[in-house]
1. Taking only Cα atoms and a 10 Å spring cutoff, compute GNM fluctuations for the chain and point out the largest among 19, 154, 138.
2. In whole Å, how far is the Cα centre of segment 1-51 from that of segment 152-224?
3. For the chain, set up a GNM with springs between Cα atoms under 10 Å and report which of 37, 16, 71 has the largest fluctuation.
4. Hey, with R₀ at 25 Å, roughly what FRET efficiency would residue 78 and residue 38 work out to, going by the Cβ-Cβ distance, to 0.05?
5. To the nearest 10 degrees, how steep is helix 144-162 against the longest Cα principal axis of the chain, on a 0 to 90 scale?
6. Anyone know which of 161, 69, 132 comes out most mobile in the 10 Å Cα GNM of the chain?
7. Tell me, 212, 12 in order of fewest to most beta-carbon neighbours within 10 Å?
8. Once every DSSP H run of n ≥ 4 in the chain is given -39500 (n - 2.57) and the sum is divided by its residues, what mean residue ellipticity at 222 nm do you get, rounded to the nearest 500 deg cm²/dmol?
């Protein structure tokens, strides 16, 4: 039995086949995101397992930008754990972990503009990948520009999450909506369902972190 083969089926439900790989990638991803919303630093460690499984899965279903993104996520999960667990003194909360903060309007505008430019460049590259390196990518990239948008913005959102910026969750909400559609069309339906759940979690995360940020502001203002 090859655990990492997308065609190795764990179970079938209502006509939908579920591989071992997709099931455990889904499970680890879900738990990691829930822990992130709760500001649990161990979300980054579980995320390491998730990105390895996702990398293998995305290669097999030809979502190449998503596949490359997992390499980035592997590195940033390590960085994220370190930043949350060992913040600078002035950035620490009462638990001596990194506290929540917010971007300025100028910073948000810059992130958005650069993200759109990078999406176009990566999308064009992904669109031609099967012609550039046919030995590795025998099939054309599925949804090159849409997939590239989620890839680029996921990078930005991850950096914001590492720094505990409220805007990270609004970015994740947009990413998750698009990803839900892509994965459903590519027949990894449990992963699509996972991202539909992520939409709800991202919305909850945005609201929860905004409240926590405002509470931190009030606490700071009340200090003598």
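Every read-out reported here was derived from the displayed coordinates using simple, explicitly stated rules and does not represent laboratory data. From a predicted model like this one, the values you see are computed outputs, not experimental measurements. We place every Cβ from the backbone using ideal geometry, glycine too, and count neighbours over all the protein chains shown.
1. Evaluated over the chain, the most mobile residue of the options is 138.
2. The distance from the Cα centre of segment 1-51 to that of segment 152-224 comes to 18 Å.
3. Among 37, 16, 71, the largest mean-square fluctuation in the Gaussian network model of the chain belongs to 16.
4. 0.80
5. The two axes meet at around 30 degrees.
6. Sorting by GNM fluctuation, first place goes to 132.
7. Listing 212, 12 from fewest to most nearby Cβ atoms yields 12, 212.
8. Helices in the chain give a 222 nm mean residue ellipticity of -24000 deg cm²/dmol.
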